[in-house]
Amino acid sequence: MAPSQAIDSPDLPGLLPSGVRVYITDIGLADTPTLVKAARRVTDLGYSAVPHMAARRLTTREALETRLKALAEEAGVRDVLIIGGDVAAPAGSFSSSLEVLETGFADRYGITEVGIAGHPEGSRDFSDEAAIAALRIKSAWGERTGARMRIVTQFGFDADKFIAWADGLAALGIDLPIHLGVAGPAKITTLLKYAALCGVGNSLNFLKKRSASLAALATSHSPESFVGPIERHLRAKPDSAIAQLHVFPFGGIKNTARWLYERGSWQDLEADDRSSIA
């Protein structure tokens with residue numbers, strides 16, 4: 001959710017199970033005090049705050065260190081998602097998430113869990129080969145520092161493609177747990193808008209094909225068409241690297257939480273088996 005939503009939403013208290021990861025987005029509009037305030041409220045409500053660190057939106061090393069230090073010491077943050085940041089030109093010193101990792105600031109300020117981006121449908125900014133090489137390097141960084149690493153993906157709608165990508169990483173020797181992105185319940189028109197904004201072109205085309213009629217566009221999307229095949233795959237292949245869902249609440253956090261409760265995803269949660277909402 002956006003920092004302003006994390007700070008002000010009256011729906012957030014008691015809405016989610018204790019310990020659920022709540023990702024706090026960074027699109028370059030919120031300053032460090034605002035991000036810290038958002039993370040502090042999420043933490044105080046009993047959830048795990050996971051601020052985004054968008055490398056290409058960051059300015060200086062000093063500003064990054066100040067931000068991580070404040071998030072850790074003032075908001076109790078121990079988990080971050082470090083991504084490249086989808087902007088044409090870097091705002092400052094960093095052009096990649098690896099450069100952020102290599103500062104050592106996360107380790108210095110007690111960040112013990114780190115999410116990195118995965119791209120099941122590829123990226124318009126780099127080749128698949130470059131993406132695999134980067135994942136290998138980041139995985140090795142986690143082994144050196146002892147950080148618990150995971151791969152967190154953008155949302156999509158083609159479950160078969162996401163499953164094949166996850167299994168393909170394992171075949172390449174990349175054994176990090178994977179949190180697959182899924183769009184929560186929302187109107188088809190809303191999802192089309194966000195898919196275009198987030199640059200998930202292949203998913204956008206897939207969704208358009210499934211929603212070709214005007215009648216379909218007026219309906220709501222059920223995430224079960226994506227989640228169901230993934231769960232069937234996990235029952236058939238329990239050693240899969242797919243560990244969790246990373247849920248985007250485009251239809252609102254209350255609606256998304258209701259869906260997760262009703263389908264049983266949030267029943268009898270174990271301490272280390274957390275779903276997430278972003």
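The values are calculated or read from the model by the stated rules, or taken from the named source; none is laboratory data. Here the structure is a predicted model, which is why all the values come from computation and not from measurement. Every residue, glycine among them, receives a Cβ derived from its backbone with ideal geometry; neighbour counts consider all protein chains shown. For accessibility, only protein heavy atoms count, side chains too; no ligands or nucleic acids. Shrake-Rupley method; radii C 1.70, N 1.55, O 1.52, S 1.80 Å.
Quick notes on this one:
- Across the chain, the volume of the C-alpha convex hull divided among the residues equals 126 Å³ per residue.
- Here the peptides 51-60, 252-261, 6-15 are ranked by packing, the mean other Cβ count within 10 Å, and the order with the highest first is 51-60, 252-261, 6-15.
- Estimated dipole of the chain in Debye, rounded to 20 [Cβ of Lys and Arg +1, of Asp and Glu -1, Cα centre]: 600
- Computed with a 1.4 Å probe on the full set of protein chains, the accessible area for F126 sits at about 80 Å².
- Taken over the alpha carbons of region 1-60 as equal point scatterers, the Debye sum produces base-10 log I(q)/I(0) values at 0.15 Å⁻¹ of -0.41.
- Taking all Cα pairs closer than 8 Å and separated by 6 or more residues, the relative contact order of region 1-148 comes to 20 percent.
- Each Cα pair under 8 Å and six or more residues apart adds its separation to the average, and for region 63-165 the resulting relative contact order is 30 percent.
- Each peptide in 187-194, 230-237 was scored by the mean count of other Cβ atoms within 10 Å over its residues; highest first, the order is 187-194, 230-237.
- Taking the helices alone, the chain has a mean residue ellipticity at 222 nm of -13000 deg cm²/dmol, built from -39,500 (n - 2.57) per DSSP H run of at least 4 residues and averaged over all its residues.
- Surface composition of region 72-151: carbon and sulfur make up 48 percent of the accessible area, probe 1.4 Å.
- Across region 95-167, Cα-Cα pairs farther apart than 15 Å form 57% of the total.
- Extension gain (nm, one decimal) between S9 and S225, 0.36 nm per residue minus Cα-Cα: 74.8 nm
- Set K193/K254; K138/K254; K161/K187; K69/K161; K161/K254; K37/K138 screened for pairs whose C-alpha atoms are more than 31 Å apart: K138/K254; K69/K161
- Descending by average beta-carbon neighbour count within 10 Å, the peptides 30-42, 79-91 line up as 30-42, 79-91, the highest first.
- Rounded to whole numbers, the Karplus 3J(HN,Hα) couplings from phi for region 155-167 are 6, x, 10, 9, 4, 4, 5, 5, 5, 4, 5, 4, 5 Hz, using 6.51 cos²θ - 1.76 cosθ + 1.60 with θ = phi - 60°, and x at Gly and Pro.
- Annotation note: trypsin sites (Lys or Arg not before Pro) in region 104-163 located in DSSP loop regions with a Cβ neighbour count of at most 13 within 10 Å are R124.
- Taking every C-alpha pair closer than 8 Å and separated by at least 6 residues, the mean separation divided by the residue count of the chain gives a relative contact order of 18 percent.
- Computed over the alpha carbons of region 1-145, Rg followed by Dmax gives 15.1, 44 Å.
- Accessible area (Å², per residue) of region 1-100, counting only protein heavy atoms and a probe of 1.4 Å: 41
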